[in-house]
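Asker: Pasting a structure here, questions to come.
The values are calculated or read from the model by the stated rules, or taken from the named source; none is laboratory data. Every value quoted in this text rests on a predicted model; they were computed, and no experiment measured them. Don't worry about glycine lacking a Cβ; one is built from the backbone with ideal geometry, like all the others, and counts go over all protein chains shown.
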Amino acid sequence: MTEQPSADDPSTRSTAPTVAVVDAQSPGNVGTIARAMKNFGFEDLLLVDPPELDPDGEAYGFAGHAREDVLPNATEITFDTLVENYHTVGCTAVTNEDDRSHVRFPFSTPAGLADRLASVETRTAVVFGRERVGLTNDELARLDEICAIPANAAYPVLNLGQAATVTLYELRTLTLGDEDTQLPDVERVRATPPTEDRLYEQWSSLLEELNHPEEKREKTMRMIRRVYGRADLTEREANTFIGLLRRATERPDLE
């Protein structure tokens, strides 16, 4: 791990949030968090009172490709240095508190936090606590704001690795653009109206070939249009259906 950052070090300034983990007991959870950071485009990991991170142990085993950069580049830091040098967002379970208490209230959800931090340029650290007790009330009182994942009121407490993964997924819009993800169909291209018309004409021909009752055809065609309308067919999908329907229309009795 690297040395503690200096408040005046320009290399530590970034609009993307830093991830901080306080007093984690399990090296595996640290590795899991590093892996989630790699998944969602986060680079800077701060560790307060971390467990030993053996390169041959659980942390590196759980980290996946984050073992190559995020985890070995993690910075060990004190809690005092963390709160003095970052705008801190403590991630914790909310215990139905209201405006009469300011320890765990008010709070943001991860999705709401992503929207708000998009225009913030100050150094921000998203802070996660221990496996069993999370962040203490004394620690939360020193942080700038609170974030909580909406969960079942009967059991709102998430595993440390799970909580970090869910939160960083929601915050990925701060680190990744559409072009940086593996999803190839970010902008869905819908079939053109002429192709859709050919599809409906082919359906009409098939209903006629099958001797579907004439008085029911209009209603059936309306239902087919509604189904395809909700599906937002692509050009390729529509042409595939046209081909299948044409074969069925030309050879309806083929077994």
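Asker: Can you tell me which residue in segment 77-110 is farthest from residue 28 (Cα to Cα), limited to those that are at pLDDT 90 or above and exposed (fewer than 15 other Cβ atoms within 10 Å of the Cβ)?
Answerer: 84
Asker: Has segment 175-186 got any residue that is loosely packed, with under 11 Cβ neighbours inside 10 Å and either in contact with a Cys (Cβ under 7 Å, 6 or more places away or on another chain) or more than 23 Å from residue 41 (Cα to Cα) (or both)?
Answerer: no
Asker: For the subset of segment 127-155 comprising residues that are assigned to a loop (DSSP other than H, G, I, E, B) and of a type in the set (Gly, Ala, Ser), which member is farthest from residue 44 (Cα to Cα)?
Answerer: Initially, segment 127-155 is screened for residues assigned to a loop (DSSP other than H, G, I, E, B), giving 129, 131-133, 135-136, 143-144, 148-155.
Narrowing the set further to residues that are of a type in the set (Gly, Ala, Ser) leaves 129, 148, 151, 153-154.
Working: 129: 17, 148: 21, 151: 27, 153: 32, 154: 34 Å.
Per the stated criteria, the residue is 154.
Asker: Also: Before we move on, is residue 194 in a loop (DSSP other than H, G, I, E, B) and not hydrophobic (A, V, I, L, M, F, W, C)?
Answerer: Numbers: in a loop (DSSP other than H, G, I, E, B): no; not hydrophobic (A, V, I, L, M, F, W, C): yes.
No; evaluated as a whole, the condition is false for this residue.
Asker: Out of all the residues in segment 224-235, which are free of Cβ contacts under 8 Å to residues at least 12 places away in the same chain and surrounded by 11 or more Cβ atoms within 10 Å (Cβ to Cβ)?
Answerer: Initial filter on segment 224-235 (free of Cβ contacts under 8 Å to residues at least 12 places away in the same chain): 226-227, 229-231.
Once the filter is applied, which keeps residues that are free of Cβ contacts under 8 Å to residues at least 12 places away in the same chain and surrounded by 11 or more Cβ atoms within 10 Å (Cβ to Cβ), segment 224-235 yields only 231.
Asker: Scan segment 156-173 for residues that are of a type in the set (A, V, I, L, M, F, W, C), part of a helix (DSSP H, G or I) and touching a strand residue (DSSP E or B) at 6+ places or on another chain (Cβ under 9 Å) and jot them down. If you could, list the steps in order and put the result at the bottom.
Answerer: Of the residues in segment 156-173, the ones of a type in the set (A, V, I, L, M, F, W, C) are 157-158, 160, 163-164, 166, 168, 171.
Narrowing the set further to residues that are part of a helix (DSSP H, G or I) leaves 160, 163-164, 166, 168.
160, 163, 164, 168 - these are the residues of segment 156-173 that are of a type in the set (A, V, I, L, M, F, W, C), part of a helix (DSSP H, G or I) and touching a strand residue (DSSP E or B) at 6+ places or on another chain (Cβ under 9 Å).
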